[in-house]
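**Q** Would you mind keeping the following structure in view while I ask a few things?
The values are calculated or read from the model by the stated rules, or taken from the named source; none is laboratory data. Note that the structure is predicted; figures quoted are calculated from it, not measured. Cβ sites come from the backbone with ideal geometry, for glycine too, and all protein chains shown count toward neighbours. Accessible surface areas use protein heavy atoms only, side chains included; no ligands, DNA or RNA. Shrake-Rupley method; radii C 1.70, N 1.55, O 1.52, S 1.80 Å.
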Amino acid sequence: MSRYAGKLGELHSAYTRVVSLWPVDKLRPSHCYKNVLNQQMNLKFEKLSTIHGTQLNQELDRIEQEITALNNLVKSKYRFQNKVSEDITNPASHRGYYTKLLESIDRASQSKDKGNLRID
């Protein structure tokens, strides 16, 4: 439950929900963007709880836009809207590079030695 009231409380709940959906970095789980978003959220809402009037309404509108953008990123909206061509994902100069890179990241995330990525 949010400690903020009204519209501010609704936005805090929405922001908390979208941040909780942010994926964890497989290679650096302790240096995750989710933590950065949480810190920024706490600072923003502490600041917002002290302002009133027109300035508050402008900030609330901006926060709504941020929440919408974060939701779009979490849901991969832009990935599905803007498909990347095969020429980019599998360049002629280095066939299979990105596939090997993803496999290497998966292997490294499962092993204890996360600093050892190999792409041959």
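**Q** Among Q39, Q81, Q58, which one shows the biggest mean-square fluctuation in a GNM of the chain, springs joining Cα atoms closer than 10 Å?
**A** Result for the chain, Cα springs under 10 Å: Q81 fluctuates most.
**Q** Taking a cut-off of 14 Å between Cα atoms, list the aspartates and glutamates near K34, but don't count ones fewer than 8 places away on the same chain.
**A** D25
**Q** Then there is this: From the phi angles alone, apply the Karplus equation (6.51, -1.76, 1.60; θ = phi - 60°) to region 11-27 and give each ³J(HN,Hα) in whole Hz, x where the residue is Gly or Pro.
**A** Running phi through 6.51 cos²θ - 1.76 cosθ + 1.60 with θ = phi - 60° gives 5, 4, 5, 5, 5, 4, 5, 5, 5, 5, 7, 5, x, 8, 5, 5, 8 Hz.
**Q** Next up: Would you mind working out the magnitude of the charge dipole of the chain relative to its Cα centre, with +1 at each Lys and Arg C-beta and -1 at each Asp and Glu C-beta, to the nearest 20 Debye?
**A** Charge dipole, the chain, about its Cα centre: 280 debye, nearest 20.
**Q** Then there is this: Give me the percent of the accessible area of the chain that comes from carbon and sulfur atoms, probe 1.4 Å, all protein chains in place.
**A** After summing per-atom areas, the C and S share lands at 53 percent.
**Q** Sticking with this one: Out of Q110, A69, V19, whose Cα points farthest toward the positive end of the dipole of the chain (charges: +1 Lys, Arg; -1 Asp, Glu; placed on Cβ)?
**A** The one lying farthest along the dipole's positive direction is Q110.
**Q** Something else now. In this model, which of K47/K77; K7/K83; K44/K75 are farther than 26 Å apart at the alpha-carbon?
**A** K47/K77; K7/K83
**Q** Please state the charge dipole magnitude for region 40-110, taken about the Cα centre, from unit charges on C-beta atoms (+1 on K and R, -1 on D and E), reported in debye and rounded to the nearest 20.
**A** 220 debye
**Q** Show me the trypsin sites (Lys or Arg not before Pro) within region 1-52 that DSSP assigns to loop and that have at most 11 other Cβ atoms within 10 Å of their Cβ.
**A** Of the trypsin sites (Lys or Arg not before Pro), the ones in loops of region 1-52 whose Cβ has at most 11 other Cβ atoms within 10 Å are R3.
**Q** Here's a follow-up. Can you divide the C-alpha Rg of the chain by 2.2 N^0.38 Å and report the result to two decimal places?
**A** 1.44
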